[in-house]
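The values are calculated or read from the model by the stated rules, or taken from the named source; none is laboratory data. It should be emphasised that the depicted structure is a prediction, and the values quoted were computed from it without experimental measurement. Here the Cβ positions follow ideal geometry from the backbone for every residue, glycine too, while neighbour counts run over all protein chains shown. Heavy atoms of the whole protein, side chains included, go into the accessibility calculation; ligands, DNA and RNA do not. Shrake-Rupley method; radii C 1.70, N 1.55, O 1.52, S 1.80 Å.
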Amino acid sequence: MAQRGSVLAAAAALSATLVAGPARAQLEVRMWTLLSGGDGARMQALVRDFNASQREVRVVSTTLKWGEPFYTKLITASVVGAGQDLATVHLSRLVNLAGGGVLRPIAPAELAAAGLRGSDYLARQWQKSQYRGVAYAVPLDMHPLVLYYNKTLAGRAGLLQADGSLTPIEGIAALTGAFRAATERTGKPGLTMESSQSSYAIWRLWTSMLAQQEVGIIRDGRFVYGAAGEATLAAIAAWFRRGYAQVGLDYPASTSQFMGGGATFMLNGVWEVPELVRATRAGTLGFDYGIAPLPRMYRNASSWADSHAFALPANPGHAPSPRKVAAVLQFVAYVSRHSMGWAEGGHIPAYRPVAESPAARLLKPNALYAAAADNVVYDPDGWYMGAAGPLEAIASKFMPAALYGYMTPAQAMRRFETESARLVRKAPPRY
């Protein structure tokens, strides 16, 4: 009760600044973010809008390089007490960050002082924000893997319905058949996706397909997918071996191939939506496009996803004051309530009043893949899992080799398991 009282008092004092006059200096909140490109621009706009909306708090945001460089710096700075006040993170990394002592827990009373509750957020994303039953982050969105398609090429391949939407695809054979038909009837690859060495895309598709088969990946420090792991990688590799997709494309090359009209389908995350919208408005895209949730290839329609979230670095020995925590969460609450702009970046908002609003439900092209939100699956919990995490890095080292033919799917899986074994059996680090 003492903590709740101090938090509420700090929030009251913060909100009273405008009324009582400039009794206190403006409070600065420093934030590190890994958001770049369109996401980065949208977050910077939210920061500017928040700063302009009031005078008591000023957020200063710094963008760091996405992936392991960001997390290495966040971990190092936080554990020595030199971290920022706020950071954007992936929920797939929460077990590592919260369990490793990198993040500070967020008390229900602290959320309440900012006008927030756990029930304000989509249940799956709020659950992923917890570690051992305690909140360590506030979710911002989810961004699943989806299927983009070029309507001109898909129509030429006989894959569209009368209304111009994609004919429903169900089953691995049907999806393979769609890629084959598109390749044979257009003279261009039926599919494009990132497939170069160190690509994370193959891991994301592979985990989606295993989840659709209701097959797990890791349990009690052991890989449990059995023969399904190799068979699933072999199914993906077959698309490349048969010429339905071009091997070796890095991320920019694969997206450019689709944007340039060079492939019928693209498997990618929803974060490419803004570029398609921009190119369409500018008249530079050259074709009409559609987007569908990842097809159901097996027993269900599971699709890999991750989520951005806000978290407070632990900074041991330099704990933030209640007033600073209240200021941080004031900004987080502002972003949650104004996340419609974030949805325009292709992401599905995690804040329910926005996600379930009529405006969000009607937003195009997001409405085309909204059903994917009901079927998202995250990387399994583990300190070694998550965006640009060590196990994903090992997967990106060996799984693409099966597409090239440098290894058979069986060899790629054995190398992946052998190199990963030291991680999954290792005790979680406490930084």
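Check whether at least one residue in region 45-63 is touching a residue at least 12 places away in the same chain (Cβ under 8 Å), touching a Gly at 6+ places or on another chain (Cβ under 7 Å) and β-branched (Val, Ile, Thr), and report yes or no. For region 45-63, residues touching a residue at least 12 places away in the same chain (Cβ under 8 Å), touching a Gly at 6+ places or on another chain (Cβ under 7 Å) and β-branched (Val, Ile, Thr): present.
Within region 177-195, being open to solvent by 20 Å² or more (accessible area, probe 1.4 Å) and within 26 Å of the chain's Cα centre (by Cα) holds for one residue alone: Glu194. The listed residues are Ala387, Ala427, and the only one of them that is more than 22 Å from His308 (Cβ to Cβ) and part of a loop (DSSP other than H, G, I, E, B) turns out to be Ala427. One residue stands out in region 122-143 among those that are over 19 Å from Met43 (Cα atoms) and part of a strand (DSSP E or B): the one that is farthest from the chain's Cα centre (by Cα), namely Val134. Out of Gly177, Gly164, one residue alone is of a type outside the set (D, E, K, R) and in a loop (DSSP other than H, G, I, E, B). It is Gly164. For region 86-94, state whether one or more residues are open to solvent by 40 Å² or more (accessible area, probe 1.4 Å) and assigned to a helix (DSSP H, G or I). So far as region 86-94 goes, no, none of its residues is open to solvent by 40 Å² or more (accessible area, probe 1.4 Å) and assigned to a helix (DSSP H, G or I). The set of residues in region 46-58 being in a helix (DSSP H, G or I) and open to solvent by 30 Å² or more (accessible area, probe 1.4 Å) consists of Arg48, Asp49, Asn51, Ala52, Ser53. Among the residues of region 270-289, the ones that are outside any loop (DSSP other than H, G, I, E, B) and surrounded by 18 or more Cβ atoms within 10 Å (Cβ to Cβ) come to 7 in all. Only one of the listed residues (Ala393, Ala333, Ala412, Ala371) is touching a residue at least 40 places away in the same chain (Cβ under 8 Å) and touching a Ser or Thr at 6+ places or on another chain (Cβ under 9 Å). That residue is Ala393.
Of everything listed in (1) open to solvent by less than 30 Å² (accessible area, probe 1.4 Å); (2) outside any helix (DSSP H, G or I), the single unmet condition for Arg299 is (1). For region 208-264, the tally of residues that are of a type in the set (Ser, Thr, Tyr) and modelled with pLDDT under 95 stands at 0.
The rows are residues; the columns are (1) in contact (Cβ under 8 Å) with a residue 60 or more places away in the chain; (2) on the phi > 0 side of the Ramachandran plot; (3) not aliphatic (A, V, I, L, M).
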site: Asn268; (1), (2), (3): yes, no, yes
site: Glu275; (1), (2), (3): yes, no, yes
site: Ala282; (1), (2), (3): no, no, no
site: Phe287; (1), (2), (3): yes, no, yes
site: Ile291; (1), (2), (3): yes, no, no
site: Pro295; (1), (2), (3): yes, no, yes
site: Tyr298; (1), (2), (3): yes, no, yes
site: Trp304; (1), (2), (3): yes, no, yes
site: Ser307; (1), (2), (3): yes, no, yes
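The criterion of at least 1 residues that are buried (at least 20 other Cβ atoms within 10 Å of the Cβ) and within 18 Å of the chain's Cα centre (by Cα) is met by the following helices (runs of 4 or more DSSP H) wholly inside region 303-378: 322-337, 340-343, 352-355. Just so you know, in region 59-80 the residues that are part of a strand (DSSP E or B) and open to solvent by less than 50 Å² (accessible area, probe 1.4 Å) include one that is nearest to Ala333 (Cα to Cα), and it is Val59.
Would you please name the residue that is surrounded by the most Cβ atoms within 10 Å (Cβ to Cβ), looking only at residues in region 123-138 that are under 20 Å from Val325 (Cα atoms) and touching a residue at least 40 places away in the same chain (Cβ under 8 Å)? By that ranking, first place goes to Ala137. Of all residues in region 222-243, those that are without any contact (Cβ under 8 Å) to a residue 40 or more places away in the chain have Cβ atoms under 7 Å from Cβ atoms of residues that are aliphatic (A, V, I, L, M) and assigned to a helix (DSSP H, G or I), 6 or more apart or on another chain, in Tyr225/Leu210; Ala228/Leu210; Thr232/Met209; Thr232/Leu210.
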